[in-house]
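So the structure is just underneath, and the comments pick up after that.
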Amino acid sequence: MVQFLLLLAVWLLLSGHYDFFHISMGVVSSLVIVLLHIRVRKYYFYQEEISETKAKIKGFFPTPLRFGRVLFYIPWLVWQIVLASFQVAAVVLDPRMPIDPSLVKFKSRLPNTSAKVILGNSITLTPGTITIAIEEDEFLVHALMDASSTGIVDGSLPGEVAKLYEKKPEQVVEDIRIIKSGEES
């Protein structure tokens, strides 16, 4: 019911029309989405979800997301996106185009798949970087320049994601390798 009401509120807010037609379309759309979501949640998409479900049955609850911490994480991420946007704009507008692309490989010890997805998406949202692959605990990220990858290399971005799950930031990233021009350094 809460999901339905939130979806309907977003629909009404974004449509800006409050006549019978638009409200009824919002109700129908929100109801369809909620019903589809209920059906989809019956299926497990990751091996980890099966393990978590078994753990819940035995009485052990895996590391949950701290929703209060999300209120700090989102503004922090927006600020990082703004800073990275200015960095990329400065490089693109510079006539010399000092672009120095690299691949950054690192292992992450985040507690679950959701945390890894949040980290991968946060990296991709930040201009100048894109998450190419996530396999088990290993990430492969393309960085446009050295400044783009500093948040990964110094561990600040993965550390902020770790704080969402009550994990200490300094324990998250290990085995960082920067690959430039086909050579590992």
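Taking A143 as meeting all but one of (1) surrounded by 15 or more Cβ atoms within 10 Å (Cβ to Cβ); (2) closer than 30 Å to G68 by Cβ, write down the number of the exception.
(2)
Are any residues in region 86-112 of a type in the set (F, W, Y) and without any contact (Cβ under 8 Å) to a residue 12 or more places away in the chain, and if so, which ones?
F86
If only one of E160, E170, E135 is at pLDDT 80 or above and over 20 Å from A84 (Cβ atoms), which one is it?
E135
Is one or more of the residues making up region 126-140 touching a Phe, Trp or Tyr at 6+ places or on another chain (Cβ under 9 Å), within 16 Å of I176 (Cβ to Cβ) and crowded, with 22+ Cβ neighbours inside 10 Å?
Yes: one or more hits.
How about region 89-119: which of its residues are under 20 Å from E170 (Cβ atoms) and part of a strand (DSSP E or B)?
V104, K105, F106, K107, S108
If T150 passes every condition in (1) open to solvent by 50 Å² or more (accessible area, probe 1.4 Å); (2) within 12 Å of the chain's Cα centre (by Cα); (3) hydroxyl-bearing (S, T, Y) but one, which one does it miss?
For T150, the failing item is (2).
Kindly list, by first and then second residue, each pair from a residue in region 128-143 that is free of Cβ contacts under 8 Å to residues at least 24 places away in the same chain and assigned to a strand (DSSP E or B) to a residue that is among the polar types (S, T, N, Q) and surrounded by fewer than 21 Cβ atoms within 10 Å (Cβ to Cβ), limited to pairs with Cβ atoms under 6 Å and residues at least 6 apart or on different chains.
Close Cβ pairs (under 6 Å, with a partner that is among the polar types (S, T, N, Q) and surrounded by fewer than 21 Cβ atoms within 10 Å (Cβ to Cβ)) amount to I130/T124; T131/T124.
All but one of (1) modelled with pLDDT under 85; (2) open to solvent by less than 50 Å² (accessible area, probe 1.4 Å); (3) of a type outside the set (D, E); (4) farther than 28 Å from L71 by Cα hold for V91, so report the exception by its number.
(1)
The values are calculated or read from the model by the stated rules, or taken from the named source; none is laboratory data. Quick caveat: nothing in here was measured; it's all calculated off a predicted structure. Glycine also receives a Cβ, built like all others from the backbone with ideal geometry; neighbour counts cover every protein chain displayed. Keep in mind that these areas ignore ligands, DNA and RNA; they rest on the heavy atoms of the full protein, side chains included. Shrake-Rupley method; radii C 1.70, N 1.55, O 1.52, S 1.80 Å.
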